[in-house]
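What follows is a short report on a single structure.
The values are calculated or read from the model by the stated rules, or taken from the named source; none is laboratory data. All figures in this text were calculated on a predicted structure; none of them were measured in a lab. With ideal geometry, Cβ positions are generated from the backbone for all residues, glycine too; neighbour counts draw on all protein chains shown. The protein model used for the area step is the full one, side chains on, heavy atoms only, and it has no ligands, DNA or RNA in it. Shrake-Rupley method; radii C 1.70, N 1.55, O 1.52, S 1.80 Å.
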Amino acid sequence: LASGVGDLKKVLTNVKSRGILGEVQLGAILQDILSPSQYEVNAKIKSGFVEFAVKIPTENGDTVLLPIDSKFPGDAYANFRDAYESGVAADIDTARKTLMNTLKSEANDICSKYINPPDTTDFAIMFIPFEGLYAEAVNFGMIELLQRTYRVNIAGPSTMAALLNSLQMSFRSMAIRKSSDNVWRVLGEVRTEFDKFTDALEKTQQRIETANDELNKLVGVRTRQMQKQLRKVAEYDFDSVENNDN
């Protein structure tokens, strides 16, 4: 166990390894909640690439990118934890200020590199891979400060999951709304066609009534005329004609 902890400490003391750890964790959260079509990996924004960007659909059918970058100021956080455990007030205050300045610097970096409306949202997300570090940022009042100054929101693992779930619900609501719009459009087209069908049906009915009137005339007047002529034939005295001939 001690050997495993020692290997983990070696990983966490390497800046690049810490960055990869945060990126992998963030990617796993995105993969669990969103579909691959709902976000981009290493998305091109302005003059650089952000680790992840969620595709936010707009009303006109386009998408706006929400930049999400993972940051792990491990050294500053470790120094703060060590100072806190030492109990020396001056060291705690110094370490706290250093950690706050580090978070400000990271937020400023994200703001300057990745926030680029209208291609992106007017804010970005800074992902912190450890709940303890996120809790300290909350205690320092960094959430409001970074939002107000740099338009950057901090999110820990659980907060990131909650945020993505909220976005997923928004995506579904928008999809339902678009489907409803399509349904109303189809119903409108059906109504138009039904009106045309009603007009055609009325004209056809008029033609049928006209034909029925003609048929009544044919069956009534013409038939009576033919019957009258046939009665004349039936009443004709053929015997009288034959005697006259003799």
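Just a few scattered comments:
- With respect to the conditions (1) within 19 Å of Lys44 (Cα to Cα); (2) of a type in the set (Val, Ile, Thr); (3) at pLDDT below 90, Ile115 lacks only one, and its number is (3).
- Here Arg148 meets each of (1) open to solvent by 60 Å² or more (accessible area, probe 1.4 Å); (2) modelled with pLDDT under 90 with one exception, condition (2).
- Contact map, region 151-162: residues that are open to solvent by 30 Å² or more (accessible area, probe 1.4 Å) paired with residues that are of a type in the set (S, T, N, Q) and not in a strand (DSSP E or B), Cβ distance under 8 Å, separation 6+ or inter-chain. Pairs shown: Asn153/Gln147.
- One residue stands out in region 33-82 among those that are assigned to a helix (DSSP H, G or I) and small (Gly, Ala, Ser): the one that is modelled with the highest pLDDT, namely Ser37.
- Long-range neighbours under 8 Å by Cβ, at least six apart or interchain, first residue free of Cβ contacts under 8 Å to residues at least 60 places away in the same chain and farther than 30 Å from Ile56 by Cβ within region 67-90, second open to solvent by 30 Å² or more (accessible area, probe 1.4 Å) and part of a loop (DSSP other than H, G, I, E, B): Tyr77/Phe130
- Scanning region 101-113 for residues that are touching a residue at least 40 places away in the same chain (Cβ under 8 Å) and either buried (at least 17 other Cβ atoms within 10 Å of the Cβ) or touching a Gly at 6+ places or on another chain (Cβ under 6 Å) (or both) yields a total of 5.
- Any hit, region 82-100, residues being among the hydroxyl-bearing types (Ser, Thr, Tyr) and open to solvent by less than 50 Å² (accessible area, probe 1.4 Å): no
- Within region 124-131, the presence of at least one residue that is touching a Ser or Thr at 6+ places or on another chain (Cβ under 7 Å), open to solvent by 30 Å² or more (accessible area, probe 1.4 Å) and within 23 Å of Gln25 (Cα to Cα) is confirmed.
- Close pairs from region 116-139: first closer than 16 Å to Ala162 by Cβ, partner among the basic types (Lys, Arg), Cβ under 6 Å, at least 6 apart: Met126/Lys71
- Test: residue in region 91-99 that is under 30 Å from Ser47 (Cβ atoms) and not in a helix (DSSP H, G or I): no
- Residues in region 33-81 that are more than 18 Å from Thr120 (Cα to Cα) and open to solvent by less than 30 Å² (accessible area, probe 1.4 Å): Leu34, Pro73, Gly74, Ala76, Phe80.
- Among residues of region 158-191 being among the β-branched types (Val, Ile, Thr) and at pLDDT below 70, the one that is farthest from Thr58 (Cα to Cα) is Val190.
- Candidates Ser112, Ser105 - the one that is farther than 21 Å from Ile20 by Cα, part of a helix (DSSP H, G or I) and of a type in the set (Gly, Ala, Ser): Ser112
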